Amino acid sequence: MSFTVAIDGPAAAGKGTISKAVASHFGFAHLDTGLLYRAVGAKVLAGADPVTAARALDPVDLENDALRTPAVAQAASEVAVIPDVRAALVAFQQGFARRDGGAVLDGRDIGTVICPQADVKIFVTASAECRAQRRFDELTGKGTDITYETVLADVKARDKRDRDRAASPLVPAEDAVMLDTSDLSIEQAVAQAIAIITDAGGVASRL
Ligand code: CDP
């Protein structure tokens with residue numbers, strides 16, 4: 001039986017951490033859909049055509065730490081405005097969402113476009129400054145040489161591009177539960193997401 005959890009929100013809001021923890025708590029599979037756009041972005045940086053790269057994407061391409069760099073994130077948000085790129089990635093995401101045993105997908109348009117029938121939708125937010133600080137800590141922790149101001153500018157530029165684009169803009173689904181993580185620890189944010197899913201989904205009785 002399938003059970004789909006859609007987790008959307010702006011850059012570095014904590015979707016990835018929350019999604020992984022929630023998936024592990026309920027024993028669901030997890031897909032970070034940002035990686036699809038990052039993989040296409042990385043191929044474009046290497047000279048490929050975006051639509052051709054999206055159509056040829058192989059799930060193996062997603063397992064690559066090089067996709068986590070700020071340059072690839074910017075390239076991802078640039079290819080993500082192209083409708084044919086987005087269209088090429090829909091079937092894979094919808095197939096993943098329907099898998100037996102439950103699935104958590106995180107991204108920008110999961111609750112609105114990819115899985116409008118998701119059993120639970122959560123929209124994760126936090127202030128831009130808070131998100132930039134977290135991403136700055138994450139990047140410098142991995143040894144990346146970058147300033148907080150650069151990370152904040154990157155986050156704001158991606159937010160604007162994601163919100164303003166015509167194809168699948170970043171917007172909460174009408175039936176999404178909002179989760180503002182600005183003043184929450186990771187543990188508190190995860191606990192709230194688990195409570196939202198348990199309350200809204202009747203998970204135990206569905207699987
Ligand atoms: O981890 P972070 O939130 O910084 O970014 P990500 O989720 O890996 O997404 C990278 C970029 O891909 C975003 O800025 C979006 O432009 C795009 N994206 C999208 O358009 N739709 C999705 N479902 C997921 C990501």
How many angstrom lie between the Cα centre of region 95-137 and the Cα centre of region 1-79? 11 Å
For the chain, Kirkwood radius (reciprocal of mean inverse C-alpha pair distance, Å): 17.2 Å
For the chain, what proportion of DSSP beta bridges, expressed in % and rounded to the nearest 5, is antiparallel? 0 percent
Select from the chain the helices, each a whole stretch of DSSP H, whose alpha-carbon atoms run 15 Å or more along the helix axis and whose Kyte-Doolittle mean is at least -0.5; answer none if there are none. 15-26, 34-45, 83-97, 186-201
Report the residue, chosen from Ala54, Ala71, Ala118, that carries the largest GNM mean-square fluctuation when the chain is represented by alpha-carbon nodes joined by springs under 10 Å. Ala71
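Can you compute the charge dipole magnitude of the chain about its Cα centre, using +1 on each Lys and Arg Cβ and -1 on each Asp and Glu Cβ, nothing else charged? Give it in debye, rounded to the nearest 20.
280 debye
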Looking only at Ala13, Ala75, Ala166, which one moves most when the chain is put into a Gaussian network model with springs between Cα atoms under 10 Å? Ala166
Of Gly143, Ala153, Ala97, which is farthest towards the positive pole of region 77-207's charge dipole, taken about the Cα centre with +1 and -1 on the beta-carbons of Lys, Arg and Asp, Glu respectively? Ala97
Length-normalised contact order of the chain, Cα under 8 Å, at least 6 apart, in percent, tallies to 34 percent
Run lengths n ≥ 4 of DSSP H only: what is the helix-derived mean residue ellipticity at 222 nm for the chain, with -39500 (n - 2.57) per run over all residues, to the nearest 500? -16000 deg cm²/dmol
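Bear in mind these aren't lab numbers, they're just calculated from the coordinates by the rules spelled out. Everything quoted here is computed from the prediction, not taken from an experiment. Quick reminder, even Gly has a Cβ in these numbers, built from the backbone with ideal geometry, and neighbours come from all protein chains shown.
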